[in-house]
Each structure stands twice: as C-alpha cells, then as structure tokens.
Amino acid sequence: MAGFLRSLYHKLSNTAEVDWDELEAGLVAADLGPRLAMQLVDELKDLGREVTADDVLEVTRRHVADRLPPDQPPPLPPSSDKPFVFLIVGVNGVGKTTTCAKLAHWLQRRGSPTYLAAADTFRAAATEQLQRWGERLNIPVVTGPAKSDPSSVCYNAHQQAIREGARYLICDTAGRLHNRHNLMEELSKIRRTLAKQDPAAPHLTLLVVDANTGANALQQAKEFHKASPLDGFILTKMDGSGKGGVAVSIFDQIGVPPRFLGTGEEPEDFALFQRGRFLEEMI
Ligand code: GDP
C-alpha cells in the first residue's frame, strides 16, 4: 500500500510553509474525496499558527479514523443447519471471481466447508476460472450451462450446500453495470431464489471494488447499493498503486463498511479489514 501521507510528510518537513493547494491536491489524489480534503485543510488553517508536518499527519489520521468503521467480527455461520450465504457483486475486472475463491479459501482454512456458485453465466470464462480455483483449492464449485439463469445456479448450489452440510456458500455474480435495470432484476431474482430455501439468505451482500479505480469505485458502490442493498465491500488490489482512500469515501458517503482486503493474486493475499492496521499502512 502506498502510505500516501508519508511522502507528503517528508515534503512538508522540508519546507518552511505549507502549500495549501498542493496539500489539498495530495489528499484528493489519495482518493479521500474533495469534501474531506477541504475539511482537513480548513481545520489546519483554523489552527491559527504555523502548521507543521506533524499537524497534518495528526489531523488527517483523526479524520480518516473517524470515517472508518470499528473492526467487525468475522462473519459466523448461523447456528441453523443452513449455510451462511454470501452474494458477491461488482463490475467486471475488479477481481470478483478471484475474490470469491480467496474468500472461500479463507473460510475453509478456518475449518468451515464452503461451496462456490458460478452464477456469472454470462461470461463463460468466469465459470471456467472459478472451476480452476475450485480444483486448486479443493472447494466444490456448482456451475450451470453458459447463458443459463444465474438464479437457478444459485438455487442448485444452495440446495447442494444444504444437503452436504456446508457452512458457507459464496455466489459469484455477473458484473454488467451498463444496464442497471437488468442488473437490478438479476440480483433481486437471485436474492428471492436464495430466500426460498432459507428466508435469511443471502446473509451478506458484498461489493468488490478495485482500490486503483479511485472515484469510480465510489460511483460503483452507489449504483450497486441502489440495485441490491450492500452489507459491506471488499477492496482489492491494495498491492497496487491505489491509496485505499476510497474505503474512507465509500463508508463516509454511503455508510457501507469495508469487510476484507485483497492484497495480491494468490489465495493467501486476503485479510479481514482492520481499522488500526489499515490506518497504519495508509498513513
Ligand atoms: P472479475 O472480472 O471481477 O471477476 O476479475 P478477476 O477475478 O478475473 O480478476 C481480474 C484480475 O485481477 C486477475 O488478473 C486477478 O488475478 C487480478 N486480481 C484480483 N485481485 C487482485 C489483488 O488483490 N491484487 C492484484 N494485484 N491483482 C488482483
């Protein structure tokens, strides 16, 4: 992760006076959003004295911490005999399919048998990709024919997961956002179908967003939240140039908390979101 404030801090430490425009631009470039960047700069200006690099660090850290949720407990399977169902949504290319596999691996490594449903039937490669992950990680993957109804794949997967006593089911979905109406229909049909076998399912709907896409990720979160209420999001590609600030913007503006972070292409490159650690690495 970039530790965007570290470079800003060094720069400020070596200059006599803060360049406010440059500072604001730096905060916006870190994906904290123009509103928060402006608030931070205003608060620093209001200190009414010469502002040091330490002031900038302290004020930014405080504001960012206030805009991130406290650590959430890991999702636990319910005490019932039905599996805990994740509905994973997001646009193509953000790392959705990889994330489904990583999440399944994460859960299975904690001793919970997990099933995957390849409900992105629109993109044949997505099903094949998930199947490959399943073989590699020893996780059953339920698939359907190409272009078949994604909700029927989820229904079958749910049925199998219940029958086999799985503790978790993760449903990968298609990521076409260009037609919000269709997407909304598709996601709500999947939700209705899952609820047929367990009224509480899906238990957690998580959006996958790419940390490198900045403000676009916020826009995607807004769109998806309208289409299918989100319980949280997973920020992927935190090993790239993304600054992670978008996690702050999404939680601050939509109230949807980050739940997991993806930090690479390997199955182990996946972790629960933890505020303290995130702040340390980000700032
Ligand atoms: P989908 O279209 O959203 O399902 O995306 P994929 O799962 O196919 O992933 C797209 C690309 O992103 C693949 O090359 C993945 O290996 C890569 N990817 C996914 N998550 C991460 C991550 O956390 N870090 C990095 N560096 N690459 C990732």
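The values are calculated or read from the model by the stated rules, or taken from the named source; none is laboratory data. The shown structure was predicted, so the numbers you read here are calculated from the model rather than taken from an experiment. No Cβ is skipped: glycine too gets one built from the backbone with ideal geometry, and neighbour counts run over all protein chains shown. Side chains included, ligands, DNA and RNA excluded: accessible areas come from the protein's heavy atoms. Shrake-Rupley method; radii C 1.70, N 1.55, O 1.52, S 1.80 Å.
For this structure, a couple of remarks:
- Among the residues of the range 88-110, those that are within 17 Å of F260 (Cα to Cα) and either open to solvent by 60 Å² or more (accessible area, probe 1.4 Å) or outside the structural domain of V142 (by TED's automatic domain parsing) (or both) comprise R109, R110.
- Those residues of the range 180-200 which are within 20 Å of T97 (Cα to Cα) and touching a strand residue (DSSP E or B) at 6+ places or on another chain (Cβ under 8 Å), in sequence order: E186, L187, I190, R191, L194
- Residue check, V41 on the phi < 0 side of the Ramachandran plot, hydrophobic (A, V, I, L, M, F, W, C) and either within 16 Å of the ligand (Cβ to nearest atom) or in the same structural domain as A211 (by TED's automatic domain parsing) (or both): no
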